[in-house]
Amino acid sequence: MHLPIVAHPDYSFPFPAGHRFPMDKFGLLQQRMRELGILEQHNLFQPTPCSAAELSVAHCYHYIQRFSIDALSDQELRRMGLPWSEGLRQRTFLAPNGTLLTAELALEYGVACHLAGGTHHAHYDFGSGFCIFNDLAYAARQLIHSGKTKRILIFDCDVHQGDGTARILEDDPEVFSCSIHCEKNFPHRKAISDLDVGLEKGLGDLAYLSIVKQTLLQAIELSQPDLVIYDAGVDVYANDPLGLINISLEGIRARDRSVIATCVQQQLPVATVIGGGYDKDQTALAMRHSIVVEEAAKLFGTH
């Protein structure tokens, strides 16, 4: 068995040229995984769409319904940051189940990767920052409610704080939210995660990797999880237009290897999502997102 990978052809769809959100990156990432021989037909798992009732474990049913029928106000759409379309609706109901499926595969196989996910700015009743439904909170609650896990650690290394995740899960003692992010970056009004680490602008590889390693060990100690969901955002990259910290490609690779290896060594199942990453060169961006999957593939089956 190869590393289990979750993806869907509808994750990318025709999208307005020049929009800041790089919608093509999901299809390009799948293509790259196939070219590297990491994704083949036998280790590809495709999610089915989630229903409004299922999503309501993490979101307001009225909000879900209004998004579904394109009934959000102009102000709500501006805050969401994405133009409504049927393609957007389809992918938005698929991706949360993609993260749930990835987590279930991680529980079975030890490691699994989702070639999407990490929509951590989605709140209970509104979308924000290119995020509509919060796949992290949704997957965690579904797993807890189904009894498949008792304690989950969401370890979020996207450069932006996982404010929606923190707020949705603030009263869930079974789910521990940890966010390592650039302090002076979006969102301007931070939420309170179970563990927050705010990084200075311009931080480099050495300090960053030390902080990630120590914070992960601290979060594991505090949460005692039986599953880790790892948001491997690549907007920490030095040249990311929305990043503001100074991490190299080698630094991202070392981070992803360290996080997954730590989980494997501690016999903790780990499910990865790709999180944020922004670049007009979406092929280069897909290569950055592929790093976490490449490192997971190297470590898969080593425990």
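The values are calculated or read from the model by the stated rules, or taken from the named source; none is laboratory data. Note that the structure is a prediction, hence the values are computed from the model and not measured. Positions of Cβ are generated from backbone atoms using ideal geometry, with glycine treated the same way; all protein chains shown enter the neighbour counts.
Here are some notes:
- If you go through the range 266-303 and keep only what is among the hydroxyl-bearing types (S, T, Y) and not in a loop (DSSP other than H, G, I, E, B), you end up with T272, T283, S290.
- Test result for D226, within 19 Å of A140 (Cβ to Cβ), of a type in the set (D, E, K, R), in contact with a His (Cβ under 9 Å, 6 or more places away or on another chain) and touching a residue at least 12 places away in the same chain (Cβ under 8 Å): no
- L88 being part of a helix (DSSP H, G or I), surrounded by 14 or more Cβ atoms within 10 Å (Cβ to Cβ) and within 16 Å of the chain's Cα centre (by Cα): no
- Apart from one condition, T99 fits all of (1) touching a Gly at 6+ places or on another chain (Cβ under 6 Å); (2) on the phi > 0 side of the Ramachandran plot; the exception is (2).
- Contact annotation: residue pairs with Cβ atoms under 7 Å, 6 or more positions apart or on different chains, pairing a residue in the range 210-223 that is within 15 Å of H181 (Cα to Cα) and touching a residue at least 12 places away in the same chain (Cβ under 8 Å) with a partner that is assigned to a helix (DSSP H, G or I) and charged (D, E, K, R), are V212/R255.
- Some residue of the range 250-265 being without any contact (Cβ under 8 Å) to a residue 24 or more places away in the chain, acidic (D, E) and not in a strand (DSSP E or B): no
- Taking the criterion of being more than 19 Å from A103 (Cβ to Cβ), more than 18 Å from the chain's Cα centre (by Cα) and in contact (Cβ under 8 Å) with a residue 24 or more places away in the chain, the residues of the range 10-51 that qualify are F13, P14, F15, P16, H19, R20, Q31, R32, L36, I38, E40, H42.
- Verdict on D196 being modelled with pLDDT of 95 or more, closer than 24 Å to R167 by Cβ and among the acidic types (D, E): yes
- Pairs linking a residue in the range 70-86 that is over 20 Å from D24 (Cα atoms) to a residue that is among the polar types (S, T, N, Q), with Cβ atoms under 7 Å and 6 or more positions apart or on different chains, are R79/S128.
- Answer from K213, K201 - the residue that is part of a loop (DSSP other than H, G, I, E, B) and out of contact with any His (no Cβ under 8 Å at 6 or more places or on another chain): K201
- A count restricted to the range 164-194 and to residues that are within 17 Å of the chain's Cα centre (by Cα) and closer than 19 Å to I144 by Cβ stands at 11.
- Candidate set: the range 92-131, residues that are in contact with a Leu (Cβ under 9 Å, 6 or more places away or on another chain), aromatic (F, W, Y) and in a loop (DSSP other than H, G, I, E, B); chosen: the one nearest to R257 (Cα to Cα): F130
- Residues that are touching a helix residue (DSSP H, G or I) at 6+ places or on another chain (Cβ under 9 Å), surrounded by fewer than 24 Cβ atoms within 10 Å (Cβ to Cβ), in a loop (DSSP other than H, G, I, E, B) and in contact (Cβ under 8 Å) with a residue 40 or more places away in the chain are absent from the range 162-177.
- Hits in the range 264-295 (condition: under 15 Å from I154 (Cα atoms) and under 17 Å from the mean Cα position of the chain (by Cα)): P269, V270, A271, T272, V273, I274, G275
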